[in-house]
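Reading through the structure tokens given below for one structure.
The values are calculated or read from the model by the stated rules, or taken from the named source; none is laboratory data. Remember, predicted model here, so these are calculated numbers, not experimental data. Note that each Cβ is placed from the backbone with ideal geometry, even for glycine, and that neighbours are counted across all protein chains shown. Just the protein is used for accessible areas: all its heavy atoms, side chains included, with ligands, DNA and RNA removed. Shrake-Rupley method; radii C 1.70, N 1.55, O 1.52, S 1.80 Å.
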Amino acid sequence: MFSSRALTSAARIAAPRTPIAARVVATRAYAAAAAPSTGAANKPPVALFGIDGTYASALYTAAAKTNALDSAAKSLDSLAAVFKKDAKLATILTAPTLSVSDKQQIVAELQKHLGQDKDGIIKNLLDTLAQNNRLGALEGVVDKFGQLMSAYRGEVELKVTSAAPLDNRTLSRLESSVSKSAYVSQGQKLKVVSKVNPDIRGGLIVEIGDRTIDLSVSAKMAKMNKLLKDTL
């Protein structure tokens, strides 16, 4: 379950300082199911950093130990769809005024979208984030876990960010072009992730591997503004 040693380690690293009594309660809730030390087969395929990366890595390890990687991935894909559909959700999760009752209600609502949550791993993730005041990191955890699963499956992730949703034909053309490029090795699969960010105003931002191609209107405007400032 997500209450394994990997989770305990993630909580220690990522959680903000809380009163001793609260930390004791959180520790007791998960110590009972502590698992043996992690084998190499259960370790995340790539190293991730940051709070969201820490939780995503702990989740991967916990899911791998119980052969629940695919189940966890499907549940998080469902949560990703919720974030995509409800633009206000991320803001709500980061609100500093959320009470314990608020967090419980949010977790209960999110659980409705999990589908088959094997061994309650994602439920435990949500509970842990809520207890450690880290619900605001959930969207990042979902994204980072997706990266881990892509590496596990031998996929190369192609992120395409646009100001408005792209149609399937446009995405297919992008996928076809990139799949023939040097960024995709033989035997690798291309995974296209489409995101919408109105702030880029137009154009596209294409990310694959460690390379970013910024063709957005906002980037062009920024370059133009800098050129004008340097000239004047």
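Heavy-atom accessible area with a 1.4 Å probe sorts Asp70, Asp143, Asp210, largest first, into Asp210, Asp70, Asp143.
Taking trypsin sites (Lys or Arg not before Pro) across segment 44-114, the ones in a DSSP loop with at most 13 further Cβ atoms lying within 10 angstrom of their Cβ are Lys88, Lys112.
Placing Tyr55, Tyr183 in order of accessible area, with the largest value first and a 1.4 Å probe, yields Tyr183, Tyr55. Here the gap between Arg169 and Asp199, fully extended at 0.36 nm per residue and compared with their Cα-Cα distance, gives a gain of 8.5 nm. Packing here is the average count of other Cβ atoms within 10 Å per residue, and on that basis the peptides 192-202, 130-140, 149-159, highest first, run 130-140, 149-159, 192-202.
For every other residue with a beta carbon closer than 13 angstrom to the beta carbon of Leu171, add +1 if it is Lys or Arg and -1 if Asp or Glu, then tell me the sum. It works out to a net charge of +3.
With the highest mean first, a sort of the peptides 93-100, 173-180 on other beta-carbon atoms found within 10 angstrom per residue produces 173-180, 93-100.
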